[in-house]
Amino acid sequence: EKKEEEPRQHALTQSSNNDAFNKPFGEMLNSYFALQTALVDWDTAKASAAADTLAALMGKVPYDALKADTTIIATAKSFSENITADAQGLAGDNSIEEKRHSFYTLSENLYSLIRTVHYDQQVIYHDKCPMAFKDSEEAYWITNSKEIINPYLGKKHPMYKSGMIGCGSIEDSIDYRTAK
């Protein structure tokens, strides 16, 4: 007597990292995006609050849950510590300009962290503002959208107002979703 085989179920998406890592990492990224939005809006109070949230959520990411060797885990933890310190520093910065300088350092560390852990839940873009500081110094940030919304020039720039909100370019994209 032949038994009919049940059709196999296929996972819609499979991450190289488990949910125990992906969920808190995604929440931490969302807090970074909230910080970015606060800087776009020139809201120093919201930026400080978002930076505090980012620092707290960064501490909850379980790097030991990564499916990686000890060197990668140690590197990820090092970037995480730097990001936490950057976020705490940003929260304590007084001016929007100081906060944006801290945001730049934080963004670069977060970009490196995402590349280290091979976060594969969404595409991350590495964007550049060519005139972030003193109209001549470039700075970078990360986003999950192809649309340029510049956190360095924002909506209320003293000279440009919101005219430079779209100034910048995508320099890189990170997409580990299919690299399994």
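Selection within region 121-180: residues that are assigned to a strand (DSSP E or B) and among the hydroxyl-bearing types (Ser, Thr, Tyr). The member of this set that is nearest to residue 97 (Cα to Cα) is 140. For the residues 60, 46, the requirement of being open to solvent by 30 Å² or more (accessible area, probe 1.4 Å) and closer than 20 Å to residue 151 by Cα singles out 46. Working only within region 106-131, note down all residues that are basic (Lys, Arg) and touching a Gly at 6+ places or on another chain (Cβ under 9 Å). Matches in region 106-131: 128 only. For the criterion of being open to solvent by 10 Å² or more (accessible area, probe 1.4 Å) and modelled with pLDDT under 95, residue 155 fails.
The values are calculated or read from the model by the stated rules, or taken from the named source; none is laboratory data. Here the structure is a predicted model, which means the values were calculated and not measured. Don't worry about glycine lacking a Cβ; one is built from the backbone with ideal geometry, like all the others, and counts go over all protein chains shown. Keep in mind that these areas ignore ligands, DNA and RNA; they rest on the heavy atoms of the full protein, side chains included. Shrake-Rupley method; radii C 1.70, N 1.55, O 1.52, S 1.80 Å.
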